[in-house]
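For reference, the structure is listed below as structure tokens.
The values are calculated or read from the model by the stated rules, or taken from the named source; none is laboratory data. Fair warning: this is a prediction, and the values are worked out from it, not measured in the lab. For neighbour counting, all protein chains shown are included, and Cβ atoms are generated from backbone atoms with ideal geometry for every residue, glycine included. Please note that ligands, DNA and RNA were not included when accessible areas were found on the heavy atoms of the full protein model with its side chains. Shrake-Rupley method; radii C 1.70, N 1.55, O 1.52, S 1.80 Å.
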Amino acid sequence: MKTGEFDINRADGKILLNDIRLDTGILPRGHKLTKEDILYLKMTGIKKITAGVMGVSDLSAENALSNLAPRICGKNVVYTTPESNLCKIAAGEDGIFICQENRIRKFNRMSSRIALNVIAPYQNVQKGDVIALLKVFPPAVEEDLLEEIDFKLSGNDPLLSLEDAKKEQAALIYTRFYDDKEEEKHFSAVVRKMVKNYTPLGLEFTAEYSCPHTVDDIAATVAHAAGRHRIVMIVPGLPASHPDDTAPAALKSIVDSIVCEGLPQTDAADLLIALKRNSKIIHMPYLYDRAPAAMTDLFVRIAVKKEKIAQTDFAGIRIPPLEKTELSEREKDMLIAPDAQKDPKAPAIAAVILAAGISSRARRNKLMVKVDGRPLFMKAVEAAVKSKASPVFVITGYDAESLEEQLEDIDINVLRNHDYASGVKTSIRLGLKSVPSGCDGALLIPADMPNITPEYLNRMISSFKRGKEKQLLVSACGGRKHNPVLWSSSLYSSADLVPEDSHLRQVFLEHSDYLGMVETNAETCLDVNFPNDLEKLTKGVQTTKADKKTLKTK
């Protein structure tokens, strides 16, 4: 669907993107304007209107939703006939709502024109309860987009399903360390909370075991219980404060795999979930009776109700925000300001890694070619992250999903340039526009520079003089200009890269009065452009003695 702003006299047959309020009522979104509508709009003083034009292969929002809803609805999940641009998805039976948060996020990344919102997963719902809303924002979408989404959904089970809240029998194992009344009191408090929270899930504790809190005793007891029960839950006598602590070591010695090794939550870090043949073993957090249990309960629900579990089921789940707490007077007296330890004269420099290009001369996506076991572009990313540059931005565009998958676990800023085909300057503008105002300047680093090092980037940063308004630092080797380039914030509007033939563009000549050179060697400045460059790189061309000597002195 093509959209734009139209003169009201030329809006006949155009489709409204939003409801338009009139004295006589509402012209709804998706309505195709008639001559009578236009006449009335002109009488109300409207001269221009933003609307859309349906293409031959476009589908209305309602038809698009009718195509999408059955693709995401699985067992015991039903949906309403779409009205306007919204489809309600509901429970077809009483049960436990099942969905994976990381898959919902992936779906919502497929298109900004379609959104799926769901209730919290792994909770009890009743027949008819609304569990999700599916919305298409424009009045119509391209059939090609729906086919693309359909393809991306085809490799997995439906996104949403409902499981019966059938009874599940579980065994409890108490690992005794003190073996006294206080420990017994602790065990009772933990189990009371477990019964309260997990009985609605259909979980019944039908067997109890006890053993000393030692590696061998825990391993033997778990092995015995797992041979008789599908779900085994450990209530520990001590917290597990290290991956090789008593309980984790015992589990690692006998289980087939550990699918959840700790929860990133201060009072539930010792939650462990493991598999042994057909049994699921859950090591409860020691502080379960005293701490907020929302995340622990979610992980336990996933482990209990999902037929097959794996590490991916527990990866990427959002941790709820910490509840507000107050400092004691003693703690207030001991506060430390981290900024006090920083050098006030050191420049604040960001890094913008340009990884949006199409790699046409390399005849394949050069940035994803493996070098030393990692994609080529990750060399520049790792150098920037390990340097003093902060924050770090990576601009993706062509094959963005492949690159962004590699960056999933690194705390950097990933920006997608949808206009990457228009050239590198669109990526430069996007990156520099996002650099915080507190930064004195920004490094522009092409992502096809596999030999760039954090040490060299730090040399560029240390060459930048804080407080000097206009500065432009360019890498140099043997009198030739190279990338990376460091621009001061006052020059962002004219920022550019050094051309690959090393001849200065006019923009560099304009700033020659304050252009500085940071010397390095040819190896550091290497960029990869052509197929033979990739061949040399992947074969591991040896560094010359001269290069090694130069690197050592740096």
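ILE119 versus ASP150, label points 7 Å from Cα toward the beta carbon: distance in nm?
Calculated label separation equals 3.1 nm.
Rank SER112, SER84, GLN123 by how far each Cα sits towards the positive end of the charge dipole of segment 1-159 (+1 on Lys, Arg Cβ; -1 on Asp, Glu Cβ) and give me just the farthest.
Comparing the listed Cα positions along the dipole, SER112 ranks first.
Around LEU271, under 11 Å between beta carbons, what's the net of Lys plus Arg minus Asp minus Glu among the other residues?
Here the charged neighbours net out to -4.
Among LEU41, HIS242, ILE281, flag the residue with its Cα farthest along the positive direction of the charge dipole of the chain, charges on Cβ as +1 for Lys/Arg and -1 for Asp/Glu.
LEU41
Mind checking the full-extension length gain between ARG290 and SER253? Use 0.36 nm per residue of separation minus the Cα-Cα distance, one decimal, nm.
Working it through step by step, the gained length comes to 10.4 nm.
What's the ranking of 518-525, 186-193 by average number of surrounding C-beta atoms within 10 Å, highest first?
Top of the packing list down: 518-525, 186-193.
Which residue, chosen from GLN100, GLY55, PRO70, occupies the Cα position most advanced towards the positive end of the dipole of segment 30-110, where the dipole is computed from +1 (Lys, Arg) and -1 (Asp, Glu) charges on Cβ about the Cα centre?
GLY55
Dipole of segment 189-278, Cα-centred, from +1 at each Lys and Arg C-beta and -1 at each Asp and Glu C-beta, to the nearest 20 debye?
That gives a dipole near 420 debye.
List the lysines whose Cα sits under 21 Å from the Cα of LYS181, skipping any in the same chain fewer than 8 residues away.
LYS193
Test of understanding: what is the full-extension gain from PHE177 to LYS388, defined as 0.36 nm times their sequence separation minus their Cα-Cα distance?
Gain on stretching PHE177 to LYS388: 71.2 nm.
Quantify, in whole percent, the carbon and sulfur part of the accessible surface of segment 125-175 (1.4 Å probe; protein heavy atoms only).
Taking all protein chains in place, segment 125-175 shows 45 percent carbon and sulfur surface.
In whole percent, what relative contact order does segment 108-235 give with Cα contacts below 8 Å and a gap of six or more residues?
Computed over segment 108-235, the figure is 28 percent.
Ordered by packing density, taken as the mean number of other Cβ atoms within 10 Å over each peptide's residues, highest first, how do 219-226, 404-411 rank?
219-226, 404-411
Counting only heavy atoms of the protein chains, get the accessible area per residue of segment 435-502 (1.4 Å probe) and round it to a whole Å² value.
Each residue of segment 435-502 exposes 36 Å² on average to a 1.4 Å probe.
Report, ordered by chain and residue number, the lysines lying within cross-link reach of LYS465, taken as a straight Cα distance under 23 Å and ignoring same-chain residues fewer than 8 apart.
Straight-distance partners of LYS465: LYS342, LYS345, LYS386, LYS388, LYS433, LYS481, LYS554.
Say the cut-off is 29 Å between C-alpha atoms; which of LYS47/LYS425; LYS48/LYS152; LYS88/LYS166; LYS135/LYS324; LYS127/LYS305 go over it?
Exceeds cut-off: LYS47/LYS425; LYS48/LYS152; LYS135/LYS324.
Just flag the GluC sites (Glu not before Pro) in segment 175-240 sitting in loop per DSSP whose Cβ has no more than 11 other Cβ atoms within 10 Å.
none
Using unit Cβ charges (K, R positive; D, E negative) and no other charged atoms, how large, in debye to the nearest 20, is the dipole of the chain about its Cα centre?
Here the chain has a charge dipole of around 1280 debye.
Would you give the gap between the C-alpha center of segment 191-244 and the C-alpha center of segment 469-490, rounded to a whole Å?
After rounding, the separation between the Cα centres reads 61 Å.
Pop out the carbon and sulfur fraction of the accessible area of segment 253-315 as a percent, whole number, probe 1.4 Å.
Carbon with sulfur: 51 percent of the solvent-accessible area.
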